[in-house]
Each structure stands twice: as C-alpha cells, then as structure tokens.
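Student: Structure incoming, see below.
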Amino acid sequence: MRLEAIANPSAARRLGLPALAIAATMLVAMLLALIAGANPLAVLGQIAKGALGSKLAILETLNRATPLIFTGLAVAVAFRARLWNIGAEAQLYAGAIIAVVLGTGALGGPLVLPLSALAAMLAGAALLLGPVLLKTRLGVDEVVTTLLLNFIMLLLVGYLLEGPMKDPMGMGWPKSTPLIPEARLPRIVDGLRLHWGFALAIIAAVAVWVIQTRTTLGFEIRAVGQNPEAARFAGMPVNAVLVKTALLSGGLAALAGWSEVAGLKGHLSSDLSPGFGYTGIIVAMLALLHPLGVVVTAIFVAGIFVGSDAMSRAAGVPTYIADMLMATALLCMVLAILLTRVRVVRG
Amino acid sequence: MSKDEGAEVVLRLDRISKSFGALKANDAVSLALRRGEVVALLGENGAGKTTLMNILFGHYMADEGGVEVFGQPLPPGNPRAALAAGVGMVHQHFTLAGNLTVLENIRLGTERLWARRHPDSRGKVERLSRDFGLAVHPDAKVGRLSVGERQRVEILKALYRDARILILDEPTAVLTPQESDALFATLRKATALGLSVIFISHKLHEVMAIADRCIVLRHGRVVGEVDTHATDKGRLAALMVGGELSLPRAEARAPGPVLMQLDGVTTPDRGAVPGLKRLTLALRAGQITGLAGVSGNGQAALAEVIAGLALPSAGTLTVHGAPVTDWSPRAALAKGVGRIPEDRHHQGSIGDFDLTENAVLEAYRSRFSRRGWMNWRAARAFAQEIIASYDVRCPGPETRIRLLSGGNMQKLILGRAMASGPDIILANQPVRGLDVGAIAYVQSQLIAARDRGAAVLLISEDLDEIMGLSDVIHVISQGRLSPGFARGSMSAADLGLWMAGQKFEGADAA
C-alpha cells in the first residue's frame with residue numbers, strides 16, 4: 001500500500017471526509033459507552049443535551065469555550081508560521097497571575113481592566129520570547145522549551161498560592177486573594193452567566209483573521225510557515241517574523257488565563273486550567289488553523305466537555321469519555337485531512 | 001551504425017496510460033527496445049518521460065497497458081520484479097551511501113542478511129569495471145569520489161545485478177564534456193556486449209551522438225520515432241515542441257561600466273562543497289557574463305553572495321561603485337539586483353501560495369502595502385500584468401503556483417525579478433528543466449535585459465547555453481574563477497579542461 005498525491009481534491013473529498021471523521025468519532029463514543037455498560041444512543045443524546053439542551057447549558061458551553069478560543073488562536077497563529085508553541089498552558093497562567101497582581105488592589109478605577117489585559121498579554125508574550133530567541137539564535141527546539149515551561153509555570157503558581165498570593169481568608173485552600181469588583185469582567189447580559197471574555201475572544205478571532213489575510217505581517221507569517229527558504233530569499237526578515245508571531249501567540253494564550261480569572265473565577269487557583277493550553281492544540285488543528293474556524297471548534301470541543309459532565313452525572317459513565325472523544329476526534333480529523341490530499345493505492 | 005531490425009525485442013511497453021487527476025502524464029505510449037540498441041527518450045520537462053520510466057521500473061502503476069521484458073509480462077508496481085527481470089535504472093540523483101566503499105555500495109541490497117557473502121563479488125566488480133571501461137577503485141569511499149565516478153558506481157551497481165537493460169535518467173546533467181564522452185564510450189561497449197539502453201535526455205546533441213533511435217514524447221504522447229542518422233537536431237527540436245524553433249543567439253555588444261564588482265571574495269567551505277577562493281569578478285552593464293562549471297564547484301556560494309543571502313568572509317563586494325556592508329536580500333533588491341534563483345520550488349516560490357501572493361513576494365512592502373496593510377487589489381493587478389506580459393499559462397492569478405508547469409512558474413519568477421527594472425541580474429540556472437519553448441523565451445528576456453543596459457550573470461551547467469548567450473565566459477572550479485574569455489575565443493573542449501580544474505594547476509604554477 002502506498003500513498004499517492006491528489007493534485008486537486010474534489011469538493012466531495014474535502015467536505016465528505018471531515019464529515020466521515022465526525023461520524024467515526026461518534027461511533028467510537030458509542031463503543032466506549034457500550035464498554036462502560038450504558039446505552040450508546042442515550043449517552044450521545046445526553047452529551048448533546050448537556051451541552052446544548054438548555055439556555056444554562058448553552059451559556060456554560062460558551063463560557064467553557066472562551067479560554068479554548070484564546071488558546072486555540074494562540075496555537076493557530078504560531079503553527080501557521082511553523083512555530084510549535086506547546087506552551088499555551090504556561091502563557092495562560094502568566095496571564096492569570098497578572099490578573100491577580102493588578103486586580104487585587106494594586107490598581108483602581110475604570111482602567112484596571114484594559115491595563116491588566118494589556119499587561120497579561122505582555123506577560124504571555126514575554127514568556128514565549130525566551131524559547132523563540134533560543135530557536136532563532138541557537139536553533140534550540142521550541143517544542144521542548146515551551147513544553148517544559150508549562151511545568152515551571154505550574155510550580156510557580158503553586159508557590160505563589162502557598163506564599164505571596166495566598167488568600168488569608170481562604171481557610172487554607174490554595175487559592176489567591178479574590179479580585180476587586182473593578183477588576184472583574186462584567187456579564188454580557190445581566191442575569192446570564194456569560195462574561196465579556198467570550199465577546200473579547202470572538203473579537204480576537206476576527207482580529208487574527210484580519211491580521212493573517214490583510215496585513216503584511218500576516219503575509220509574512222504565512223510565507224515563513226509555508227516555505228522559510230523562499231521567504232528569506234524574497235527578503236523577508238524570517239527571524240523577526242518568528243519573534244512577532246511568538247509575541248502575538250503568547251499574548252493570545254495569556255488572555256485565556258486572564259479572562260478565566262477576571263471573568264469566571266475571580267481568583268487564581270492551581271486548577272484554573274484543566275489543560276486549556278493543550279486542548280487549544282486540538283482546537284486549532286480541528287479548525288485547520290483558521291482563526292474563525294477556531295471559534296467553531298472551540299465551542300464544539302467545549303460542548304463535548306460540558307455535555308460529558310452532564311452525561312456522566314446522568315448515566316454514570318466516567319467523564320474521561322470526553323478526553324477519549326477529543327483524542328479520537330483529533331486522530332480522525334488528522335487522518336481525514338491527510339486523505340483529502342492523498343489516496344491510498346495498492347502496490 | 002544501423003542496428004539489425006530483426007534483433008530480439010528485449011523490452012516492450014504496450015499502450016501505457018497514466019493519469020494524475022486531470023493530467024494525462026502518459027497516453028497510450030508504446031515502445032520497443034531491441035538487443036544492443038540505445039533508444040533515446042526525448043521530450044521537454046513534463047512530457048511524461050520520467051513517469052513512463054517509473055512505470056517500467058515499478059514505482060508507479062499504469063492505469064492501462066503493460067510491460068514485457070524478454071517476452072515475459074512484468075507484474076506492475078514491483079521494483080524488485082523489474083530488477084530480477086534484468087532492468088537497471090540509474091537515477092538522476094544517485095542513491096549511494098557516501099560512508100561506504102564502492103564495493104560495499106555495489107553489494108548493498110544484493111545479499112540476504114544471514115547468508116554468506118557472495119564469494120567473488122570483488123572479482124565480478126573488477127571484471128565489469130574492465131569490460132565496460134568503468135574505472136573506479138572498489139575500495140574507495142564513495143563520499144570522496146567525483147560526480148562522474150559516482151555515476152560509474154551506479155552503473156556498476158546495475159551491471160552487478162545482471163541488468164540487461166539500462167535506463168539512464170538525464171545522465172549527463174552533472175558531467176563535464178569529457179566525463180560525458182567517457183560515459184558514451186561505456187554505453188557503446190555495453191551495447192556491443194548485447195545490453196540495451198534507454199537514455200533519457202533533453203539535450204539534442206547528446207541524443208544525436210549516442211542513440212540509434214529516438215522516441216519523442218510531447219504531452220504524454222509519442223509524437224515521433226526516428227532513426228537518429230536519418231534526422232538532425234532541428235527536426236528533433238521541432239518534434240519536441242511542435243514547431244520549428246530557433247534558439248536565441250546573442251550578438252556581442254560594447255560593454256558599459258562595471259555595476260557590480262567582487263574583489264578577493266572568499267566564503268567558507270561547506271563540507272565537501274568548496275567555498276569561494278579569493279574570487280574577483282566584474283559584472284558590466286550591457287554584458288552577459290556566463291559562469292560555466294560542473295555543479296558543486298562554488299556556484300551556489302557565489303549566487304548567495306550576489307543575491308544578498310550571504311556576506312563574504314573576506315574580500316569586498318562593490319555595487320554601483322560603493323562597497324556594501326549591510327547586505328541582505330532586501331538590500332540587494334533595493335540596489336537593483338534582480339534575482340532568478342536556482343531552485344524555483346524551494347527558493348523562488350511558495351507552492352501553496354497563489355500567483356498573486358508569489359508575484360508580490362519581493363515587493364509587498366515597498367509597492368503593495370501601506371502602513372502594514374496589504375493592497376491586494378494592486379497585487380492582483382500586478383500579477384495579471386506579469387501573467388499577460390510574460391505569457392504565464394494559468395487559469396488565473398488565484399491559481400496555486402505549484403499547479404503550474406516549471407516553465408510557467410519560471411516565467412512568473414522572471415516577471416517578478418524584472419518588474420522593478422533591475423540593472424544587475426542574477427540568473428542561476430534559469431532554464432534548467434524547462435521545455436524548448438520556455439527556454440527560448442527566458443533566454444530572449446535575458447538578452448533583452450542586457451540590451452537595455454543591465455549586467456547579467458548567467459550561471460549554468462549547460463555549456464551550449466553559456467556559449468550561446470555570454471559575452472564573457474568565466475569557468476568556476478573548486479571555488480576558483482578562471483580569467484574571462486571573450487565570446488567565441490574558446491571551444492567547448494577548452495572550457496571543459498578549465499571545468500575539470502586542469503588549467504588552474506597550470507595557471508597556479510605559472
């Protein structure tokens with residue numbers, strides 16, 4: 001069996017294969033449910049109902065999607081330039097730390113929110129600056145450096161929560177002092193549990209899309225990602241483009257943590273992110289790195305997580321099914337993307 | 001000499017068809033190869049030569065048609081079966097392990113892991129080496145051999161496996177004229193011993209020199225099959241492109257001032273590839289300077305310096321009378337250096353970008369954006385202008401460039417390089433792999449640029465091209481540059497001696 005390239009994939013191939021991938025994912029979900037001893041169709045139904053079945057469920061899904069949009073965008077931007085930022089988790093926590101540092105009384109007044117958002121982005125960007133400079137100057141593999149920074153940041157958060165940031169009223173729980181009201185993101189509609197972080201995420205997605213398609217920087221990012229040698233030959237400052245990409249990517253990931261603290265939680269804890277940084281990679285890959293696609297896939301992925309939580313309570317099937325579904329969806333989608341470009345021939 | 005019409009047919013391709021998507025790479029191609037015969041497979045790039053040979057050798061499966069070797073049908077898609085049936089292929093890019101000896105390379109893959117060594121492989125290699133005139137030491141490390149010697153190892157490898165049919169894919173592309181002559185001598189010995197050869201080329205004079213018969217492919221179809229002694233180069237070229245075609249000849253001009261000057265330019269060696277050795281070269285306005293040489297002798301290093309990709313480690317580069325210190329591709333472009341890179345696919349274009357994006361790759365900042373915002377409307381108009389004035393055949397500016405043929409891709413790159421009216425032009429292998437029509441077009445554009453007063457540096461491994469176009473010819477060998485020779489003052493054989501490095505020793509000693 002060999003692979004043979006397809007020059008011009010047909011529309012049926014380009015649309016049919018991803019649909020097939022989704023179908024395959026659902027099949028695996030049902031199989032998993034069967035193994036767990038539940039009714040497969042009922043499990044699927046409960047996931048859908050848990051994610052979209054009520055106004056509350058929908059808002060919960062959108063809330064969960066918010067950090068995923070940010071981390072998904074961070075990954076999509078970086079991967080587009082072939083800068084493998086696996087450290088969105090660390091950058092997320094950098095943003096969250098800044099939200100606490102500036103949001104617990106250091107600043108006051110109406111400018112707290114924009115200033116702390118800006119500072120959070122700078123912190124996330126700074127965190128990715130080291131790995132990208134090591135890459136461009138010394139050729140150090142950024143996969144390793146960004147990945148390892150995740151653990152360093154998590155340990156730093158643990159230290160901060162046990163020490164300088166510890167909430168004196170927290171009754172021993174490892175959580176930070178809560179944010180002052182001016183530092184909290186308001187809800188979009190009064191009474192509905194959806195904060196402005198979600199709107200900001202949508203704006204960020206549109207902004208990234210505009211940058212990629214309409215600006216010289218976006219042109220450079222895409223060129224460097226597709227063919228760095230040709231980009232260099234044409235006179236593009238390849239290393240500077242990589243640095244700018246890293247700053248943008250790190251800043252976007254930091255907003256995930258910042259909006260979780262300022263919009264949802266109101267404080268920092270070490271379980272702030274159940275792996276949003278890593279899930280962002282899945283979100284970006286499923287969206288084929290398209291910034292607007294990231295919004296859709298982030299909501300889809302968030303829906304599966306939220307739905308699985310609800311299903312787990314109702315059907316007694318472990319929530320791990322959500323992680324397995326994510327992994328299956330990613331594998332099926334990667335395969336589907338490959339198969340739109342090549343066909344398998346015998347021989 | 002004329003071959004016996006009644007000689008046994010050793011290889012027969014019967015109505016082979018193969019499509020890639022909408023493209024018919026091979027359309028009912030038939031071919032018969034007789035014992036002791038050299039058949040040339042001639043055709044422009046993209047005519048389907050390589051596809052056909054890949055089908056024969058089992059790398060691809062034909063959609064229709066079959067292959068017979070010595071009267072036995074060959075199972076499709078099985079390179080091992082082709083090898084076992086006595087078909088040997090020498091690829092354009094060698095498949096040798098540099099850290100092994102000649103003998104080890106030849107034995108590689110012929111023995112089972114656990115079986116005992118072939119008792120007399122050395123004797124067999126030495127015998128073949130003698131019989132076919134393939135002089136190469138069996139214990140030499142392949143990494144230290146010249147390109148010509150490596151090719152001999154490849155041929156020995158095929159012969160060692162008892163190949164009775166040899167397929168050579170563009171075998172002379174990397175050889176000096178002298179090495180090519182030696183290869184032809186080997187092929188004559190091989191056919192005298194009853195082997196049959198398929199010789200893939202688009203160099204007409206070679207086809208005339210070595211082949212008994214010539215099969216011309218165009219657009220995947222056989223458009224002509226002629227005995228070489230009953231035809232001439234002009235007729236073959238016409239068959240290849242489907243029309244009488246004369247290659248442009250550049251007439252000499254009075255040279256203008258020096259626009260770019262390299263003085264004692266030195267660059268570091270890169271592994272086995274030599275860097276430049278105190279190279280001095282002047283590029284004058286209104287002159288095409290040809291740089292001849294076997295590939296891998298420093299051409300790439302020189303091109304990098306001129307294109308702005310590298311600064312010399314010693315020596316100076318002077319552009320328009322001012323020595324440059326801050327040198328980059330962008331600086332080169334700003335100084336009016338137009339660049340046609342050696343490798344269209346990796347350096348010259350971005351395959352998944354469309355023609356518009358590729359057209360503005362160099363000037364997107366200066367001409368097609370304002371304050372960081374791209375002006376795609378102007379960019380598209382610019383791409384359309386290049387498409388129209390350089391005759392780029394394509395569905396439109398939204399086409400991804402990797403779907404274009406090499407010739408059309410090169411025309412877009414040419415149009416991009418010429419758009420800013422450069423007065424120094426680096427043309428590195430500008431016509432390599434192009435069909436005859438595209439070659440004539442690209443070359444005529446270089447001549448037109450020269451006539452407008454540009455200084456053109458033409459780097460090519462094809463002596464015919466260098467001799468036909470250049471006003472001054474330099475030869476590069478091991479990073480050293482020969483003196484400049486005026487048009488017509490040197491024969492190909494003389495230049496060949498410089499290319500082989502022999503004349504340099506003489507010059508050094510003197």
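Here, each number is a calculation from the coordinates, and none is a lab measurement. All values reported here derive from a predicted model rather than from experimental measurement. Glycine also receives a Cβ, built like all others from the backbone with ideal geometry; neighbour counts cover every protein chain displayed.
Student: Starting from the Cα gyration tensor of segment A:120-196, take the square roots of the eigenvalues, sort them a ≥ b ≥ c, and report rounded, prolate or oblate (rounded when a/c is under 1.5, otherwise prolate if a/b is larger than b/c, else oblate).
Tutor: Note, shape of segment A:120-196 comes out oblate.
Student: Against the globular-protein guess of 2.2 N^0.38 Å, express the Cα radius of gyration of segment A:62-101 as a ratio, rounded to two decimals.
Tutor: Ratio of Rg to 2.2 N^0.38 Å for segment A:62-101: 1.25.
Student: Shifting gears a bit: Could you state, as a whole-number percent, how many of the C-alpha pairs of segment B:351-496 are farther apart than 27 Å?
Tutor: Everything past 27 Å amounts to 31 percent.
Student: Could you give me the percent of Cα pairs per 10 Å distance bin for segment B:9-241, shortest bin first, beginning at zero and ending with the bin that holds the maximum distance?
Tutor: Histogram of Cα-Cα distances, whole percents per bin: 8, 32, 36, 19, 4, 0.
Student: Based only on the alpha carbon positions, what is the Kirkwood hydrodynamic radius of segment B:65-188, in angstrom?
Tutor: After inverting the pairwise mean of 1/r, the radius is 15.3 Å.
Student: Would you kindly calculate the translational diffusion coefficient of segment A:69-289, applying Stokes-Einstein with the Kirkwood radius from alpha carbon pairs, for 25 °C and a viscosity of 0.890 mPa s, and quote it in µm² s⁻¹ without decimals?
Tutor: 139
Student: What is the distance in Å between the Cα centres of segment B:298-325 and segment B:153-211?
Tutor: When both Cα centres are located, 39 Å separates them.
Student: What's the average, rounded to a whole number, of partner chain beta-carbon atoms within 10 Å of each residue's beta-carbon in A:209-218?
Tutor: Per residue, the average neighbour count from other chains is 3.
Student: Show which aspartates and glutamates lie in cross-link reach of A:K175 when reach means a straight Cα distance below 15 angstrom and same-chain residues fewer than eight apart are skipped.
Tutor: A:E162, A:D167, A:E260, A:D271
Student: What FRET efficiency, computed as 1/(1 + (r/R0)^6) with R0 = 22 Å and r the Cβ-Cβ distance, is obtained for A:L129 and A:R82, rounded to the nearest 0.05?
Tutor: 0.80
Student: For segment B:346-420, what log10 I(q)/I(0) values come out of the Debye formula at q = 0.18, 0.26 1/Å, with one point per alpha carbon and no solvent?
Tutor: -0.61, -1.25
Student: Taking Cα atoms, how many degrees apart are the long axis of helix B:177-192 and the longest axis of chain B, rounded to 10 and kept between 0 and 90?
Tutor: Approximately 20 degrees, to the nearest 10.
Student: Then there's this: Can you sort B:T399, A:T25 by how many other beta carbons sit within 10 Å, fewest first?
Tutor: Starting with the residue having the fewest Cβ neighbours, the order is B:T399, A:T25.
Student: A follow-up question, please. Within a 10 angstrom radius of the beta carbon, how do B:H59, A:H267 rank from fewest other beta carbons to most?
Tutor: B:H59, A:H267
Student: For segment A:242-347, what log10 I(q)/I(0) values come out of the Debye formula at q = 0.19, 0.20, 0.24, 0.25 1/Å, with one point per alpha carbon and no solvent?
Tutor: Debye curve over Cα of segment A:242-347, log10 I(q)/I(0) at q = 0.19, 0.20, 0.24, 0.25 Å⁻¹: -1.12, -1.19, -1.36, -1.38.
Student: Looking at chain B, what % of the alpha carbon pairs are farther apart than 45 Å?
Tutor: 17
Student: Moving on to the next point. Using the eigenvalues of the Cα gyration tensor, what equivalent ellipsoid semi-axes result for segment A:1-87 when each is taken as the square root of five times the eigenvalue, whole Å, largest first?
Tutor: Semi-axis lengths for segment A:1-87 are 30, 24, 14 Å.
Student: If R0 is 51 Å, what FRET efficiency do you get for A:I152 and A:L44 from their C-beta distance, rounded to 0.05?
Tutor: Given R0 = 51 Å and the Cβ-Cβ separation, E is 0.80.
Student: What FRET efficiency, computed as 1/(1 + (r/R0)^6) with R0 = 25 Å and r the Cβ-Cβ distance, is obtained for A:R343 and A:A23, rounded to the nearest 0.05?
Tutor: 0.80
Student: For the protein assembly as shown, what is the percent of antiparallel DSSP beta bridges, rounded to the nearest 5?
Tutor: If I count the DSSP bridges inside the protein assembly as shown, around 60 percent turn out antiparallel.
Student: Calculate the spin-label point distance for A:L292 paired with B:E104, positioning each point 7 Å from the Cα along the beta-carbon direction, and give it in nanometres.
Tutor: Taking the simple label geometry, B:E104 and A:L292 are separated by 5.8 nm.
Student: Next question. What is the spread of the Cα atoms of segment B:295-343 along each of their three principal axes, largest first, in whole Å?
Tutor: So the extents along the principal axes, rounded to whole Å, are 31, 24, 15.
Student: Can you tell me the relative contact order of chain A? Whole percent, Cα pairs under 8 Å, sequence separation 6 or more.
Tutor: That works out to 38 percent.
Student: In what sequence do B:R487, B:R127 fall when counting other Cβ within 10 Å, fewest first?
Tutor: B:R127, B:R487
Student: Would you mind checking A:K166/A:K244; B:K157/B:K233; B:K18/B:K411; B:K49/B:K411 for any pair whose Cα atoms are more than 30 angstrom apart?
Tutor: Result: A:K166/A:K244; B:K157/B:K233 exceed 30 Å.
Student: Let me see the pair-distance distribution of segment A:195-311: every alpha carbon pair, 5 Å bin width, integer percents in order.
Tutor: Binned Cα distances yield the sequence 2, 10, 16, 22, 19, 13, 8, 6, 3, 1, 0.
Student: OK, next. Once the Cα gyration tensor of segment A:113-153 is diagonalised, what are the square roots of 5 times its eigenvalues, in whole Å and ordered largest first, as equivalent ellipsoid semi-axes?
Tutor: Computed over segment A:113-153, the values are 24, 12, 5 Å.
Student: Quick one, what does Rg over Rh come out to for segment A:1-156 if you take C-alpha atoms and the Kirkwood Rh?
Tutor: 1.09
Student: What list of whole percents do you get for P(r) of the protein assembly as shown, with Cα-Cα distances grouped in 20 Å bins up to the one holding the largest distance?
Tutor: Result, from short to long distances: 13, 36, 32, 16, 3, 0 percent.
Student: Here's another thing I want to ask about it. Amide H of B:M89 versus every other amide H placed in the peptide plane: which residues, excluding those fewer than 5 positions away on the same chain, fall under 5 Å?
Tutor: Answer set, sorted by chain and number: B:I167.
Student: If you find the alpha carbon centre of segment A:120-149 and of segment A:30-78, how far apart are they in angstrom?
Tutor: First find each Cα centre; the distance between them is then 32 Å.
Student: Report, in order of residue number, the helices in chain A meeting two criteria: a C-alpha extent of 20 Å or more along the helix axis, and a mean Kyte-Doolittle hydropathy of at least 0.5; treat each whole DSSP H run as one helix.
Tutor: A:11-35, A:55-80, A:88-103, A:112-138, A:142-162, A:196-214, A:238-259, A:291-315, A:320-341
Student: Lysines near A:K49 by alpha-carbon distance under 26 Å, same-chain residues fewer than 8 away left out - which ones?
Tutor: The reachable lysines, counting only those whose Cα sits under 26 Å from A:K49, are A:K265.
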